[in-house]
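Everything below concerns the one structure shown next.
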Amino acid sequence: MDNGKIAKVFEEMAELLEFRGENPFRIRAYQNGAKAIRELDESVADILADSSRDLAKVPGVGKTLVEKCQTLVDTGSLPQLEELRQAVPEIVIQMARIPGLGAKKAVKLRDALAIESLEDLRKACHEDKIAGLKGFGKKSQATILDGLAIAQQAAERIRWHKGDELAADIGGHMQSCKGIQKMQWAGSYRRLRETIGDLDLLVVADDPQSAMDHLEKYTYHASTIGRGDTKISIRVDKAFQVDMRCVAADQFGAALQYFTGSQAHNIHTRRIAKERGLKISEYGVFKVDDDTKIAGASEEEVYEAIGLPWIAPELREDRLEFAMAESGEMPTLIQLSDIRGDLHMHTSATDGTGTIRDMAEAAIERGLSFIAITDHSKRVSMARGLDETRLREQWKMIDEIRPEYEGRLTILKGIECDILEAGGMDLADDCLAEADWVLASVHYGQKQPRDQITDRILGAIENPHVSCIAHPTGRLINRRPPYDVDMDQVMDAAAKHGKLMELNANPARLDLNDLHLSKAKKLGIPIVINTDAHSTDGMNVMQHGIQQARRAGFLADDVANTQAWQAIKSLLEKAT
DNA sequence: GCCGTTTTCGGCCCGACTGTTTTCAGTCG
């Protein structure tokens, strides 16, 4: 059982314990344990199997959770979880997902009205049965009905990229509002998470009410969920929630820090504050003994007040940032301008739309000094993938074009070669040997069992002509889960053979994810951030890859294509 | 359930909002 699955078990335990009305700190202990194990860059099973190691040394994992991990690794299941599942009916969990209903109210409703389905709940609302219950009233009944409708239309988290478009649109609309002095998006959008659940806008306004009026005039405003003196929540496009909060200018930094989160990061900062006799809230940093305010206008001063440098929002997950900040100075994270080449792109020879020259010109416009043309291999027949003959023709064309770009751009002879379902590469070794750059990737047989698909990728890594594994897990965010691949084995093999791994920057992929990237960094595996462009515009997604790398705490030195091609080439010459 | 330079007990981030109460519980972020 891998770490992700163990973490899921503890998360479910936490959720179920909440329904049982357990001690909230015990619940958080399970959540913290789940987070620690998910983010651990070593396999729990490996640590348990090694008598010289102690899993309880991992912060957040104590004696009890170690025992439960052992049970999970040994038997694949946890009796306590099974018992809890029996004790907490599914309908209660479903009800608690309705906005405004939590664990306690859901349990109360089921017990009082014998609710067995969401349909029962809807009926109970319509029959006016809920308003009479103790602790509920007319308003809660209406909220539940509204929530039922929303829960069905909506609203999974949207990809960051889509949230970015929405934020730009709403931001543009709000800019025309007079009297807004300052405006900043917060929340998971600001932290550049892969997906976001809602948008949080923070403003300093002369007149908060008129700022709220203005937000309600946004073209795609569907309804207003709630509105008070300082806060308004609306839905746009039926379901997606946008919150706006108005704060005073001298609270802006503290509010921004607070609403940016993450929750785990805030808990950690507040604990540090407490150790120093301070208290952080969204209104500022205060001395505990006399309530004197010592910071709040800017985020920088909030962090400074507790002895930390300003921390980039994308790092605020209580994972790497506090260790990185220890020296008192944050290292400079990688940025877009550090990137010097792009080693994954397609042309009209297969499923791209641009010619080699189109891609070369687009690369020069973006300030790159090298690119690899990596069209699909023949197995990808839908994309008219290249066989050895057509590939060599394309390389011949590259030879002819190269002199035109002398001194401006190095065009590399590459290929995205499929790893076949039965294992092995789609093109002959003698052909691959002629390439400057060989990406290996899985497109077919993605649902194969773990051992099989892992062996295929290990086989590719062991092939001496393969340079790099492209989109190593195959996931499409919100659309397709990753292959069931043993990434621990894959990464160990990549490290051993000196192979590179890709961070595919396409916002639907972002593959490797941030946790895999952290692990790759620890193992010293060079990462290449590529766009996988299928058109010249497709090269614009590089920014998303940079964001993902920053979330993993990457500096420019952690990414191979921040260096000249010659440096990458010498890495490949050492690979086996 | 975790944790410890207040160390094996007694804490655990902090506050707003809501709807329902008459001083507060539940929910949310």
Next on the checklist: At 1.4 Å probe size, put A:Arg191, A:Arg319 in order of accessible surface, largest to smallest.
Outcome noted: A:Arg319, A:Arg191
Checklist entry - Which trypsin sites (Lys or Arg not before Pro) in segment A:452-553 pass both tests, a DSSP loop state and at most 15 other beta-carbon atoms within 10 Å? => result A:Arg479
Checklist entry - What FRET efficiency, computed as 1/(1 + (r/R0)^6) with R0 = 25 Å and r the Cβ-Cβ distance, is obtained for A:Arg26 and A:Ser52, rounded to the nearest 0.05? => result 0.25
Next on the checklist: Where in chain A is the longest stretch that carries no GluC sites (Glu not before Pro) classed as loop by DSSP and with at most 11 other Cβ atoms within 10 Å?
Outcome noted: A:407-576
Next on the checklist: As a test question: what accessible area, to the nearest 10 Å², does A:Trp310 have when a 1.4 Å probe is rolled over all protein chains in place?
Outcome noted: 100 Å²
Checklist entry - If you average the sequence gap of Cα pairs under 8 Å that are 6 or more apart and divide by the length of chain A, what percent do you get for the contact order? => result 9 percent
Checklist outcome for this item: Taking a straight Cα-to-Cα line shorter than 16 Å from A:Lys279, and setting aside same-chain lysines fewer than 8 residues away, one finds A:Lys287, A:Lys293
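Sort largest first and round to whole Å: the equivalent ellipsoid semi-axes of segment A:346-474, each the square root of five times a Cα gyration tensor eigenvalue.
27, 14, 14
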Checklist entry - What dipole magnitude, in Debye to the nearest 20, does segment A:306-350 give about its Cα centre under +1 on Lys/Arg Cβ and -1 on Asp/Glu Cβ? => result 160 debye
Item to check | Rel. contact order, % - alpha carbon contacts under 8 angstrom, at least six apart, segment A:158-246 | outcome: 26 percent
Checklist entry - Given +1 on the Cβ of Lys and Arg, -1 on the Cβ of Asp and Glu, and no further charges, what dipole in debye does segment A:207-318 carry about its Cα centre, rounded to the nearest 20? => result 360 debye
Checklist outcome for this item: Reported to the nearest 10 Å², A:Asp557 has, with a 1.4 Å probe, an accessible area equal to 140 Å²
Checklist entry - Lysine pairs, Cα distance under 16 Å, 8 or more residues apart or cross-chain: how many in segment A:3-87? => result 7
Checklist entry - Can you give the angle from 0 to 90° between the axis of helix A:138-153 and the longest principal axis of chain A, with both taken from C-alpha atoms, to the nearest 10? => result 10 degrees
Item to check | Probe 1.4 Å, protein heavy atoms only - accessible area per residue of chain A in square angstrom | outcome: 46 Å²
Next on the checklist: Taking θ = phi - 60°, what integer Hz values does the Karplus form 6.51 cos²θ - 1.76 cosθ + 1.60 yield along segment A:457-472, in sequence order, with x for Gly and Pro?
Outcome noted: 5, 4, x, 5, 4, 6, 6, x, 8, 7, 8, 7, 8, 8, 4, x
Item to check | Signed unit charges on C-beta, dipole axis of chain A, positive-most listed residue A:Gly102, A:Gly354, A:Ile461 | outcome: A:Gly102
Next on the checklist: How much of the DSSP bridge set in chain A is antiparallel, in percent, rounded to the nearest 5?
Outcome noted: 50 percent
Checklist outcome for this item: Per the charge dipole of segment A:143-251 (beta-carbon charges, Lys/Arg positive, Asp/Glu negative, Cα centre), the residue among A:Gly179, A:Tyr220, A:Leu166 reaching farthest to the positive end is A:Leu166
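What translational D, rounded to a whole number of µm²/s, comes out for chain A from Stokes-Einstein when the hydrodynamic radius is the Kirkwood one over Cα pairs, at 20 °C and 1.002 mPa s?
80 µm²/s
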Checklist entry - If you rank A:Thr531, A:Thr64 by how much accessible surface each has, with a 1.4 Å probe, what is the order from largest down? => result A:Thr64, A:Thr531
Checklist entry - Which of the trypsin sites (Lys or Arg not before Pro) found in segment A:1-81 are loop residues per DSSP with 13 or fewer other Cβ atoms within 10 Å of their Cβ? => result A:Arg20, A:Arg53
Checklist entry - Looking at this model, which pairs from A:Lys522/A:Lys569; A:Lys108/A:Lys134; A:Lys378/A:Lys499 are more than 18 angstrom apart at the alpha-carbon? => result A:Lys522/A:Lys569; A:Lys378/A:Lys499
Checklist entry - Under the rule of -39500 (n - 2.57) per DSSP H run of 4 or more residues, summed and divided by the residues of chain A, what mean residue ellipticity at 222 nm is obtained, to the nearest 500 deg cm²/dmol? => result -13000 deg cm²/dmol
Checklist entry - Counting only protein heavy atoms, what percent of the accessible surface of chain A is carbon or sulfur at a 1.4 Å probe? => result 48 percent
Checklist entry - How large is the dipole of segment A:158-246 about the Cα centre if only Lys and Arg carry +1 and Asp and Glu carry -1, each at its Cβ, rounded to the nearest 20 debye? => result 180 debye
Checklist outcome for this item: Scalar couplings 3J(HN,Hα) for segment A:491-500 by Karplus 6.51 cos²θ - 1.76 cosθ + 1.60 (θ = phi - 60°), nearest whole Hz, x for Gly and Pro, are 5, 4, 5, 4, 5, 5, 8, x, 8, 8
Checklist entry - Could you give me the ³J(HN,Hα) list for segment A:300-305, computed from phi with Karplus coefficients 6.51, -1.76, 1.60 and θ = phi - 60°, whole Hz, x at Gly and Pro? => result 3, 6, 5, 5, 4, 4
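The values are calculated or read from the model by the stated rules, or taken from the named source; none is laboratory data. Keep in mind it's a predicted model, so treat the numbers as computed, not measured. Counting neighbours? That spans all protein chains shown, and the Cβs are built from the backbone with ideal geometry, glycine included. Side chains included, ligands, DNA and RNA excluded: accessible areas come from the protein's heavy atoms. Shrake-Rupley method; radii C 1.70, N 1.55, O 1.52, S 1.80 Å.
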